[in-house]
Protein chains: 2
Amino acid sequence: MARLFEKTVPAPPNEYVRVECESLKSFVSAVLSAFKVSEEHSRIVADVLVTADLMGIESHGVQRLKRYTMGIQVGSVNPHACLKVVKKSASTALVDGGSGLGQVTAYNAMEIAIRKAEEVGVSVVGVRNSHHFGIAGYYALQAVKHGMIGMVMTNSEALVAYTHTVGRSVGTNPIAVSFPTKNPPPVLFDAATSVIPIGKVEVYAKENKKIPLGWAISPEGKLLDDPKEVLTRKGAILPLGGFGEDFGGHKGAGLALVVDLLCGVLTGANYGKNVKHTTDKERANVGHFMLAIDIAKLTPMEDFLERIEEYKGYVKGLTKASEEAEVWIPGEKAWLTMETRKRIGIPIHKNILKELKEESEKAGVEFNIKVLKETA
Amino acid sequence: MARLFEKTVPAPPNEYVRVECESLKSFVSAVLSAFKVSEEHSRIVADVLVTADLMGIESHGVQRLKRYTMGIQVGSVNPHACLKVVKKSASTALVDGGSGLGQVTAYNAMEIAIRKAEEVGVSVVGVRNSHHFGIAGYYALQAVKHGMIGMVMTNSEALVAYTHTVGRSVGTNPIAVSFPTKNPPPVLFDAATSVIPIGKVEVYAKENKKIPLGWAISPEGKLLDDPKEVLTRKGAILPLGGFGEDFGGHKGAGLALVVDLLCGVLTGANYGKNVKHTTDKERANVGHFMLAIDIAKLTPMEDFLERIEEYKGYVKGLTKASEEAEVWIPGEKAWLTMETRKRIGIPIHKNILKELKEESEKAGVEFNIKVLKETA
């Protein structure tokens, strides 16, 4: 039996319970349905959120449910929205999400990309008028199920200071790229183009810990080590590569800009500071970029699968920096965490569980998440 | 008249001369032709090399000419090679470079990508059996001339330590993405997925300066500040994001891995340590990945051009970190440097000029580079 591994460990453990994954999914889906989201669409959103929790990306998991139901309540998120194809060619489409749930829009946009790539080899679907869609990697993995390479980007609310500027001007604009493999896990690169996601600063604030200098700057451009100052004084996260250009900060900022151009400017969605939060009154108009490449159109699939296994072996066989070091393939930690949590349950902070209970009451839905045990 | 700006300033100035750009191009082309490269192909290579010098990326400029002529002499580079399409679909092609000059192979591969994108909207061309191709941005800009977004990647000789490992295991594997604009310059992101390129370490070594801790590690995994130790003891460059995972080093390493999978594993080219140097006896078998997106297939071109100008204005208008700070759009510095050097000449180090003279003698070609003046 595979070893138990979790990318993120519940700390302190006595503040968490473990819940059964399928019951969590059904619950989230039921809450969304109560907010007039169709059953099919509710199931998609629930699967994206719970997959994030399974993968150890709790910041993007069910703790965000409230954000989406609030978005529906304030009228920013349209629960009935259906994707509309604005323009298409043999290998491209521009789609409008109708300000619906980002997960539903992104899922369906990637399905279009997959069908087009099946026909012609490679495809791009640009998405405008969407919302925050959770983890980018989820949609990249859709392509993997069809023997394809998936590439997914989204722009997002401005939190990052562009190089040589202060203040929040660009999103953490993540890039996800996934590749099928012969043996699981598939390769899944999924990363914000900033040094860290904002969720990490929130965790440090909660735990009263200082953040390393080089993660964030004050509105005056001073490096910050107090996470609360980052959050309350509207500090900005630094791009991957950090402050200035000495360690490549302009590369991280440049990648964030490229994502904004592909997701916002190409599609006609918002960009930079114009991208709104899910719960703002004004529609968020988030943009996404989806790319699918049908591997078999370029090279026999079995050859590709042999080569990628060889590559994984190559990386795993590199000389470790220390005795205790572990060498990871992108996506491997998330995958092991998912396998572990399917067996022993998803750790949910008691405060989040309470919030979910409140959601169930608001929605008039039975609170039937199956708690397996306290983690402590 | 536009102000004079150079991304890299000749230092110390008295070691440099300025040469006229077209005469440099003709000279490089003539030398390559003497090595049995066709006139058409020689002109492509010369243009790629001189464009790098014009853009202030001297590490990839004419100082590399010797590397390519040596590659031909040792038999690794085939001067007569023609690109062969191995497999194709409506929007994809896998091509074999026949171990020819990387510049020629990449140029022609991108031309195929552009034609396919013109027909169907988006295209991918995978390239195997190529060589070092110089600056990735050159090929991305080919797409821009056709109103397209270009994305270009290449793997390269191993110089970077993958996260949690020591030694040189992956290339600096650059990514270039370019976008047309209404007003020049086009947006051109072009960056190695490592903190810095190896050329920067060489410059610090030459100038007897210490490098910042966080650029490179020793074979034992110690951070290095002596550039000579990096070069002579086979130290490794760190991925963008630096050492370990605290500042996102795993993201830079993950991007390098994604580039290796797209360029090496997808195409059947070499990857990791297997990628050979241009002058090694064994064929390098470098792999490239080319993507072109025909913007007009997704959105009216004039709308896109309006939006991207707005975006440039947005970035340029952000609050500067200090009075002296300048905010740059990716590609802007290189473009201004190019405009400047077309007017006042390209600075060439006297040692490089001497090397070029030696090349002319070896090739039996007239040494007719037009020197404009000493830079001091």
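Read the figures in this text as sums done on the coordinates, not as results from a lab. Just so we're clear, the structure is a prediction, and the values are computed from it rather than from any experiment. Glycine gets a Cβ as well: all are built from the backbone with ideal geometry, and neighbour counts include every protein chain shown.
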> Relative to the other copies, what are the label-point distances for A:Glu323, with labels 7 Å from Cα along the C-beta vector, expressed in nm at one decimal and sorted shortest first?
Replying inline: 5.6
>> For B:Gly241, what residues show an amide H to amide H distance below 5 Å, using hydrogens built from the backbone and excluding near sequence neighbours?
In response: A:Gly241
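Using the structure shown, list the pairs from A:Lys145/A:Lys342; A:Lys209/A:Lys350; A:Lys234/B:Lys312; A:Lys210/B:Lys312; A:Lys312/B:Lys281 with a Cα-Cα distance above 30 Å, or answer none. Working shown, then result.
Working: A:Lys145/A:Lys342 20 Å; A:Lys209/A:Lys350 21 Å; A:Lys234/B:Lys312 24 Å; A:Lys210/B:Lys312 35 Å; A:Lys312/B:Lys281 27 Å.
Going by Cα-Cα distance, A:Lys210/B:Lys312 fall outside the 30 Å limit.
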> How far apart are the A:Val74 label points across copies, placing each 7 Å from Cα toward Cβ, in nm, shortest first?
Replying inline: 6.2
> How big is the shadow of the Cα convex hull of the stretch A:1-160, averaged over all directions, in nm²?
Replying inline: 11.6
> Hey, in the GNM for chain B with a 10 angstrom Cα cutoff, which one of B:Glu323, B:Glu202, B:Glu157 fluctuates hardest?
Replying inline: B:Glu323
> For B:Val95, which sequence-distant residues (separation of 5 or more, or a different chain) have an amide H within less than 5 Å of its own amide H, given hydrogens modelled in the peptide plane?
Replying inline: B:Val86, B:Gly126, B:Val127, B:Arg128
> How big is the equivalent ellipsoid of the stretch B:113-222 along its three axes, where each semi-axis is √(5λ) from the Cα gyration tensor, reported in whole Å from largest to smallest?
Replying inline: 33, 17, 11
>> Taking a point 7 Å out from Cα toward Cβ as the label site, list the nm distances between B:Pro219 and the same residue in every other copy, smallest first.
In response: 5.3
> Just from its helices, what would the mean residue ellipticity at 222 nm be for the protein assembly as shown, if runs of 4 or more DSSP H residues each count -39500 (n - 2.57) and the sum is divided by every residue, rounded to the nearest 500 deg cm²/dmol?
Replying inline: -11500 deg cm²/dmol
> Which residues' amide hydrogens lie under 5 Å from the amide hydrogen of B:His164, considering only partners 5 or more residues apart or on another chain, with H built in the peptide plane?
Replying inline: B:Gly244
> Which residue, A:Ile211, A:Ile72, A:Ile346, tops the fluctuation ranking in a GNM of chain A built on C-alpha contacts under 10 Å?
Replying inline: A:Ile211
> Once phi is turned into ³J(HN,Hα) by the Karplus curve 6.51 cos²θ - 1.76 cosθ + 1.60 with θ = phi - 60°, what whole-Hz value does each residue of the stretch A:227-244 show in order, with x for glycine and proline?
Replying inline: x, 5, 5, 4, 6, 8, 9, 6, x, 10, 6, 8, x, 3, x, x, 6, x
>> If I require 24 Å or longer along the helix axis, counting alpha carbons, and a Kyte-Doolittle average no lower than 1.6, what helices from chain A are left? Use full DSSP H segments.
In response: none
>> I'd like the per residue volume of the convex hull spanned by the Cα atoms of the stretch A:237-299, given in cubic angstrom.
In response: 131
> Can you give the average number of partner chain beta-carbon atoms within 10 Å of each beta-carbon in peptide B:306-314, as a whole number?
Replying inline: 4
>> Quick check on chain A: take the gyration tensor over C-alpha atoms, sort the square-rooted eigenvalues as a ≥ b ≥ c, and tell me if it's rounded (a/c under 1.5), prolate or oblate.
In response: rounded
>> Between B:Leu213 and B:His277, what's the calculated FRET efficiency when r is the beta-carbon distance and R0 is 30 Å? Round to 0.05.
In response: 0.60
> Averaged over peptide A:253-265, how many Cβ atoms belonging to another chain are found within 10 Å of each residue's Cβ?
Replying inline: 6
> Build a GNM of chain B with springs between Cα atoms under 10 Å: which of B:Ala11, B:Ala30, B:Ala140 gets the top mean-square fluctuation?
Replying inline: B:Ala11
> Using every alpha carbon pair in the protein assembly as shown, what percent of pairs falls into each 10 Å bin from 0 up to the bin containing the largest distance?
Replying inline: 3, 14, 25, 27, 18, 8, 3, 1, 0
>> Along the Cα→Cβ direction, 7 angstrom out, place labels at A:Ala11 and B:Glu40. What is the inter-label distance in nm?
In response: 6.2
